[in-house]
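Just so it is clear, none of the values below were taken in a lab; they were calculated from the coordinates. Quantities reported herein were computed from a predicted structural model and do not represent experimental measurements. Glycine also receives a Cβ, built like all others from the backbone with ideal geometry; neighbour counts cover every protein chain displayed.
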Amino acid sequence: MNAFAGFNLLIGTTSLLFALLIIRFGNVRNILHITLLLLNIALVIWGYGCMMSALSDNPASAMFWWKIAHAGGLYTVVFFLHHVLALTENKGRRVLIFGYIMATAFQVCAAADLLQIKMTYVFDSYFYITPVGMAYPIFTFLWCAIGFYASFILFDAFRKSHGEKKVQFKVLLMALVICFLAGVSHFLTVYHTNIYPFGALLVPALPIVATYGILRHRLLDIEVIVRKTLVFAGLLASVFAALILPTLLIQEYIFRGAGFGGKMLGLAVSGVIIIASFRRIEDFLINITDRFLFQKRYDYKELLKTFTSEVLTVLDLNKLVKLTVDKLSDIIRLQSCGILLLNDEKNEYHLAASRGIKEKNVVLNVNNTLTSFLTRTKMCLSIKAHGKEYQLPEKIVLDMNRLKLELAIPLMTSQDEMIGILTLGAKKSDEEYTQDDMDILLPLAGTLAIAISNAEMFVELGKTQAEAAQREKMAVIGTLSAGINHEICNPLGIARGQCEAFLLNIKDGLYKNRTHQELVEKARKIMEKVIHETDRATTITKRLSTFAKPSKGDISNDISVKYEIDEVLALVGYEMKLDHIDVMNKIDENLPFISGDKKQLQEVFFNLIRNAAQAMNEKGRITVTAREDSGKVIMCIEDTGHGIPKDKLAQIFNPFYTTKEPGEGTGLGLFIVRQVVERNRGRISVKSKVGEGTTFVLEFPAVAKVKV
Amino acid sequence: MAVEKPSIVAIDDEPDFVDTLKEYFELRGYRIKIASRVGPGIDLIGSEKPDIVILDLKMPGINGEEVLNILRSKKLKTKVIFVSAFEDAGKTKSRMLAAGAFAYMDKPLKSIKDLEDTVNKAYSEK
């Protein structure tokens, strides 16, 4: 075996490995990957063909193998050009087409023995070609011209590029130029320069340097899996070596004298060790590689799936942002991540959810440099990509560091309002954000913005409803004040009057003739009255305050309809009495409990009873009935008022529908009543006849029989 | 020397309240009759022809305002003093005063003595 054959074995083998790498991890739809793969296949053919030619012991055999090698070698430069054109996004197709035609033409010529070449024994070691006519020099010239053209294009692109791309071009330029020059060195032998073709040794530079580029500078974007595979395999191998080593030591030193049996024992021991620890070591290694090296490219599909199914459907704003941050951090494996949300009232963006950001209460004013940059450009801001090109203002960098962000994506609504900022920190793998990342993150941010504004609107709606309900209730309580005032001021008046009269009587000497006994008895009676009256006032204030408090949303399973109606009647009873309204309470004893929010249900009963009273313009009767019917508690609140005309009946549950004078009612009463009833798993309906009265029917699922 | 004291009828649906008034005024030499329902109260006014009527405003049945109107329609010289817990930012108060009530006092009374002073003042202006 001569040195030249050895060189070519190296060329063939390294190219083969590289080709396999691209096949395994590359993308068949990516023109860069395809052209690089073709280039390597051509190099494999070239390398192994040259090797076989150099190993041939007769010119005929050498010529046969050389023709095979030539078939690959011819195309290397064309594939090289094609790759460069694709990489630089150069549109110059003519030279490329010319190259393919040329290569094919020469291929045909070679096969038809038209290249005018013969085999010569060179360097006293192998057969190599020598041109005998002009055909081969013309081929040589054209081949080199295409190669130089490609190198020039690459160099030009390298000069004009910047950032990551420039590094990628540099690496590839180095690899390809070295490789190309090595190819040129072949011609030295052809033209009898008597320089041994050491240049061939440089050809493996292409796979080696390109692999370096892949690992270090994300050349071709296939770096990640490759890196992980390599590192993982390396770690696994080293652990195995470490395991096998003690086995060998045991065999060599401890059981050396024991012959075959000792060897078997040593093997058995290491076998046990390996079996016992393999799984754990594997897990450990996977864990380490995942955690520290992190080569696994995150799964876009998983990200999309998780987002569309689990995250974006969440209506609870806090939950939504928290989940987003968590899922993004987990799937993309970020060191930090956060979401800032706009607070309309304060004109600030505050950090609503974060992970890996130390400062939990970051607040950025809307006029802050970072936020106004994002608002104005509506584009994402990346610390790395910009960092190299031009200096970001110090203020922005400061805020970016506070938020530990490498990438800030504005969350824009369809109204072009920036409602928040998604901040992504460095990936744990230290990889930079690629175009692929952006292609998924930007639409994701768009959808997230929609989800956030939906959630915000939902919160707003809930708040508005709660506020409206509370306003309505306060309005109701306001109109109640006559009755309430009576129920509070009267007891106080009596208590005060009794005490004061007693004191004044003593002062004015009007009790002079009374015995001590009589006075004590008098005082006792007064105090009993005072206590009675204070209790009376306390009861009413307590009822009122429990009623007026907003609901906390607690659900109870032991709501007694009878008790709640009694409470409501106690509150409105006096006013009804003043208005000459009789209240008939016909609620079945032993009625089952219903379940729901106690306060909300009180509110419903209160509203309906009060509505009934108002429907009657003084004098009339309200009948409240409740009975059990097939697992339901059915309540009727019936009045003898003026009734509701048929055409109005359908509207009474609509919001803002009111028959009252402006300012008298909000028109939300029955609307809220129905919402509250439905929220508590009940149903409400209404029957009415003009001139006879109206009946509201409520149905709630029964919980359990009252224990008697 | 005994100064002549005015005679009073007090009507309020709170029996304890009128009881308090009865004891206070009686001990001080006033003639006072009380009623905790409006019907009997109006009868009392008819039979007693008091100088002063102390009236609650909001009562079941006939309310204080109607009582005042009855008295005014009968052209009785009886002075009416309202003592009521009804509060609507002074609207009813001015209406009652316009309708001929002598005074309108809020419950609880600042002092029962105020009521006595008002009664005497009303009597002296009779």
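Expressed as a rounded percentage, what relative contact order does the stretch B:1-105 have, with Cα pairs under 8 Å and six or more residues apart?
It comes to 24 percent, rounded to a whole number.
Starting from the Cα gyration tensor of the stretch A:3-221, take the square roots of the eigenvalues, sort them a ≥ b ≥ c, and report rounded, prolate or oblate (rounded when a/c is under 1.5, otherwise prolate if a/b is larger than b/c, else oblate).
Because a/c hits 1.5 or more and a/b exceeds b/c, the stretch A:3-221 counts as prolate.
What does the helix-only formula give at 222 nm for chain B: each DSSP H stretch with n ≥ 4 adding -39500 (n - 2.57), the total divided by the residues, and the result rounded to the nearest 500 deg cm²/dmol?
So the helix-based figure for chain B works out to -13000 deg cm²/dmol.
With point charges of +1 on the Cβ of Lys and Arg and -1 on the Cβ of Asp and Glu, referenced to the Cα centre of the stretch A:300-453, which listed residue (A:Gln415, A:Thr308, A:Val397) lies farthest in the positive direction of the dipole?
A:Val397
Hey, quick one: spin label on A:His642, modelled 7 Å out along Cα-Cβ, who in the stretch A:553-586 has an amide N within reach, i.e. under 19 Å?
A:579-582
Dipole of chain B (Lys/Arg Cβ +1, Asp/Glu Cβ -1, origin at the Cα centre): which of B:Val18, B:Leu57, B:Thr118 lies farthest to the positive side?
B:Thr118
Hey, can you grab everything whose amide H is under 5 Å from the amide H of A:Ile117? Only 5+ residues off in sequence or another chain; H modelled, so Pro and N-termini drop out.
The list, which skips near neighbours in sequence, is A:Val132.
With charges only on Cβ, +1 for K and R and -1 for D and E, what is the dipole size of chain B about its Cα centre, in debye, rounded to 20?
Once rounded to the nearest 20, the dipole reads 580 debye.
Given +1 on the Cβ of Lys and Arg, -1 on the Cβ of Asp and Glu, and no further charges, what dipole in debye does the stretch A:300-453 carry about its Cα centre, rounded to the nearest 20? Don't skip to the answer; put the middle values down first.
On the way: 19 positive and 21 negative charges, 69 e Å.
I would put it at about 340 debye.
By per-residue mean of other Cβ atoms within 10 Å, what is the highest-first order of A:577-590, A:495-508, A:75-88, A:332-345?
A:75-88, A:332-345, A:495-508, A:577-590
First check a/c for the stretch B:7-124, with a ≥ b ≥ c the square roots of the eigenvalues of its C-alpha gyration tensor; if it is under 1.5, answer rounded, and if not, answer prolate when a/b is larger than b/c or oblate otherwise.
Numbers: a/c = 1.26, a/b = 1.11, b/c = 1.13.
Verdict is rounded for the stretch B:7-124.
Suppose every K and R has +1 on its Cβ and every D and E has -1 on its Cβ; what is the size of the dipole of the stretch A:3-221 about the Cα centre, in Debye to the nearest 20?
800 debye
Any chance you could check the Cα centroid distance between the stretch B:6-37 and the stretch A:510-533 for me, in angstrom?
18 Å
Pairs of alpha-carbon atoms within less than 8 angstrom and 6+ residues apart define the contacts here; what relative contact order does the stretch A:576-647 have, in percent?
Rounded, it is 38 percent for the stretch A:576-647.
If you take each beta carbon of peptide B:85-93 and count the beta carbons of other chains within 10 angstrom, what is the mean? Walk me through the numbers before you get to the answer.
Numbers: counts 12, 7, 5, 3, 0, 0, 0, 1, 0.
Average per residue, whole number: 3.
Cα to Cα, under 16 Å, and not fewer than 8 places away if on the same chain: which lysines meet these conditions relative to A:Lys599?
Output for A:Lys599: A:Lys473, A:Lys542, A:Lys549, A:Lys552, A:Lys562.
Report the per residue volume, in Å³, of the convex hull enclosing the C-alpha atoms of the stretch A:511-585.
Output value, Cα hull per residue: 176 Å³.
Step through the table entries A:Lys463/B:Lys58; A:Lys91/A:Lys427; A:Lys319/A:Lys428, compare each Cα-Cα distance with 31 Å, and write down the pairs that go over it. Show your work: numbers first, answer last.
Values: A:Lys463/B:Lys58 39 Å; A:Lys91/A:Lys427 35 Å; A:Lys319/A:Lys428 25 Å.
The answer is A:Lys463/B:Lys58; A:Lys91/A:Lys427.
Which whole-number percent is the relative contact order of the stretch A:3-221 (Cα, under 8 Å, 6+ apart)? All intermediate terms of the calculation are to be shown ahead of the outcome.
On the way: 312 pairs, mean separation 44.7, N = 219.
Relative contact order here is 20 percent.
Projecting each Cα onto the charge dipole of the stretch A:5-109 (Lys/Arg +1, Asp/Glu -1 at the beta carbon, about the Cα centre), which of A:Ala5, A:Thr76, A:Thr88 comes out farthest on the positive side?
Ranked along the dipole, the leading option is A:Thr88.
Run the simple label-point estimate for A:Ile555 and A:Leu398 please: 7 Å along Cα→C-beta, distance reported in nm.
5.1 nm
Considering every residue in B:15-27, what mean count of other chain Cβ atoms within 10 Å of its Cβ is obtained?
Per residue, the average neighbour count from other chains is 5.
Fewest Cβ neighbours within 10 Å first, please rank A:Lys648, B:Lys107 accordingly.
A:Lys648, B:Lys107
Beyond 18 Å between alpha-carbons counts as too far, so tell me which of A:Lys525/B:Lys33; A:Lys522/B:Lys107; B:Lys49/B:Lys79; A:Lys577/A:Lys689; A:Lys619/B:Lys91 fall in that bin.
A:Lys525/B:Lys33; A:Lys522/B:Lys107; A:Lys577/A:Lys689; A:Lys619/B:Lys91
By how many nm would the segment from A:Met134 to A:Glu310 lengthen if fully extended, with 0.36 nm per residue of separation less the alpha-carbon distance?
So the extension gain works out to 56.2 nm.
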